[in-house]
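See below for the structure under consideration.
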Amino acid sequence: MRKICSAIAAIIFVASGGIAVAEGPGDPTAVKKEDDGKWLDKDGNPTYKITDGTVDWFTYSGYRRYHSDCHVCHGPDGMGSTYAPALKDSVKSMSYGDFLGVVASGRKNISTAQENVMPAFGDNPNVACYMDDLYVYLRARGDEAWGRQRPSKKEDKTEAYTKAEDACMGKK
């Protein structure tokens, strides 16, 4: 009987994908700049670029978007609240793809003590159009590359960024 239970447990374990191991985003060093002004790390994930107190446009925009839509639940500057976790910490152990998936589709965490629900924002253009910006800002916060203040110096918004933003928001 014990062998049968062990075999069933092994089948369920394999079928469920095994243990979920958090894989963080890796080295944040910016190595490539896209036409829209987005910096990428060596793995092709969006990252921040801060030089002499000047942040890239995506970090600046992410700060603005975070404080427009996310801080209500997740607290100021990604630091968390009694209601929702600190995203500046969560992004350290989350892949870029996982981050996009949670923001777009939401998440429900239930424990014996509480139930946390992250709503899906994939249909909300005020969030969906700026997911990379949010990720970059939170990545900078998580790495402590940027503090709690609003960026006072930023790179200019590129024309390619503006065109992509307009297209995403449905502007013609």
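The values are calculated or read from the model by the stated rules, or taken from the named source; none is laboratory data. Just so we're clear, the structure is a prediction, and the values are computed from it rather than from any experiment. All Cβ positions, glycine included, derive from the backbone under ideal geometry; neighbour counts span all protein chains shown.
Observations
- Any hit, region 35-58, residues being part of a loop (DSSP other than H, G, I, E, B), under 23 Å from residue 158 (Cβ atoms), among the β-branched types (Val, Ile, Thr) and touching a strand residue (DSSP E or B) at 6+ places or on another chain (Cβ under 7 Å): no
- All positions within region 90-140 that are among the basic types (Lys, Arg) and either part of a helix (DSSP H, G or I) or touching a Phe, Trp or Tyr at 6+ places or on another chain (Cβ under 6 Å) (or both): 139
- In the set (1) free of Cβ contacts under 8 Å to residues at least 60 places away in the same chain; (2) under 24 Å from residue 34 (Cβ atoms), residue 53 fails one condition alone, (1).
- Flag if residue 163 is of a type in the set (Lys, Arg) and either part of a helix (DSSP H, G or I) or in contact with a helix residue (DSSP H, G or I) (Cβ under 8 Å, 6 or more places away or on another chain) (or both): yes
- Filtered residues of region 56-99 (kept if farther than 18 Å from residue 131 by Cβ and crowded, with 16+ Cβ neighbours inside 10 Å): 75, 77, 80, 86
- Of residues in region 120-172 being over 23 Å from residue 95 (Cα atoms), of a type in the set (Asp, Glu) and in contact (Cβ under 8 Å) with a residue 40 or more places away in the chain, the one surrounded by the fewest Cβ atoms within 10 Å (Cβ to Cβ): 156
- Residue ID - modelled with the highest pLDDT, chosen from residues in region 25-34 that are loosely packed, with under 15 Cβ neighbours inside 10 Å and in a loop (DSSP other than H, G, I, E, B): 34
- Region 51-108, residues that are among the acidic types (Asp, Glu), at pLDDT below 90 and at negative phi: 69, 89
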